[in-house]
Amino acid sequence: MNTLKEYLQQGIKEEQRLLEAVSKEKFVQEKLPYKRTALDPIMSKATMDYHYGKLHKAYVDKANDDNKAVFQVAGAFLHNLFFPQLQEPTSINKPTGEVLELIESKYDSFNNFKSRFTGEAMSIQGSGWIYIDTKGDIKTIQNHKMVDNVAMIIDWWEHAWALDYQHDKAKYLKNIWKIINWNIVNERINGNSQQEV
């Protein structure tokens, strides 16, 4: 059994490996596969202008500085996973294909999965991310951290939801399921879309 120290050292080494891999290339802000107004009313144009247009761009710009920090590189990386997996809202938007099989095998149903996912998200103290990995496990990230097994990720920082939902981040999470592009999630599970690391 690994000690806590060994576990932490292993995590630090993995993050350094990922950072070295992505630092060799210039970071580019992923282009949106939709207009900034397309996610309304789930995510308003004001949120998109601020979150994607200013904050995400700043992470990318700082990740390309000579004095890049792990925090900035990880922030750019995670946002490059978050925004492309979104799509225009649909009233019935449920997972299909491989992600549905993973969810049903681990959580019995999409509703059970959403309940567990919400519980994990609401337990995050401060800012971070919550995601389902390519094996179907729900995981969280405190602040920013490089990970290479993301199938679907939700930004849990205040800037992602505060303009549209004020203090009601549970409502943000309830609504965001309407804009997840499950085809992208399936591509990531199949290894076809994950950002190279």
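The values are calculated or read from the model by the stated rules, or taken from the named source; none is laboratory data. Here the structure is a predicted model, which means the values were calculated and not measured. Cβ atoms come from the backbone with ideal geometry, glycine included; neighbour counts cover every protein chain shown.
For this structure, a couple of remarks:
- Segment 119-137: number of residues that are in contact (Cβ under 8 Å) with a residue 24 or more places away in the chain and surrounded by fewer than 17 Cβ atoms within 10 Å (Cβ to Cβ): 5
- A count restricted to segment 31-47 and to residues that are over 16 Å from Ile180 (Cβ atoms), surrounded by 13 or more Cβ atoms within 10 Å (Cβ to Cβ) and either under 16 Å from the mean Cα position of the chain (by Cα) or among the hydroxyl-bearing types (Ser, Thr, Tyr) (or both) stands at 2.
- Across segment 49-98, the qualifying residues are those that are part of a loop (DSSP other than H, G, I, E, B) and polar (S, T, N, Q), and the one among them that is modelled with the lowest pLDDT is Asn67.
- If the condition is being touching a residue at least 60 places away in the same chain (Cβ under 8 Å) and either part of a strand (DSSP E or B) or over 17 Å from the mean Cα position of the chain (by Cα) (or both), then segment 138-147 contributes only Ile141.
- Residue within segment 178-187 that is among the aromatic types (Phe, Trp, Tyr), surrounded by 13 or more Cβ atoms within 10 Å (Cβ to Cβ), closer than 24 Å to Ile42 by Cα and without any contact (Cβ under 8 Å) to a residue 60 or more places away in the chain present: no
- Residue count, segment 153-178 (criterion: touching a Phe, Trp or Tyr at 6+ places or on another chain (Cβ under 6 Å) and assigned to a strand (DSSP E or B)): 2
- Flag if Gln29 is over 27 Å from Asp168 (Cβ atoms), among the polar types (S, T, N, Q) and part of a loop (DSSP other than H, G, I, E, B): yes
- Considering segment 94-133, and only residues there that are under 16 Å from the mean Cα position of the chain (by Cα) and among the hydroxyl-bearing types (Ser, Thr, Tyr), the residue that is farthest from Asn186 (Cα to Cα) turns out to be Ser127.
- For segment 40-83, the tally of residues that are in contact with a Ser or Thr (Cβ under 8 Å, 6 or more places away or on another chain) and either among the basic types (Lys, Arg) or under 16 Å from Ile184 (Cβ atoms) (or both) stands at 2.
So that you can scan it fast, the table gives a plain yes or no per residue for (1) more than 18 Å from Pro33 (Cβ to Cβ); (2) crowded, with 21+ Cβ neighbours inside 10 Å; (3) more than 14 Å from the chain's Cα centre (by Cα):
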residue: Leu55; (1), (2), (3): yes, no, yes
residue: Ala63; (1), (2), (3): yes, yes, yes
residue: Asp66; (1), (2), (3): yes, no, yes
residue: Phe71; (1), (2), (3): yes, no, yes
residue: Ala74; (1), (2), (3): yes, yes, no
residue: Asn80; (1), (2), (3): no, no, no
residue: Pro84; (1), (2), (3): no, no, no
residue: Ser91; (1), (2), (3): yes, no, yes
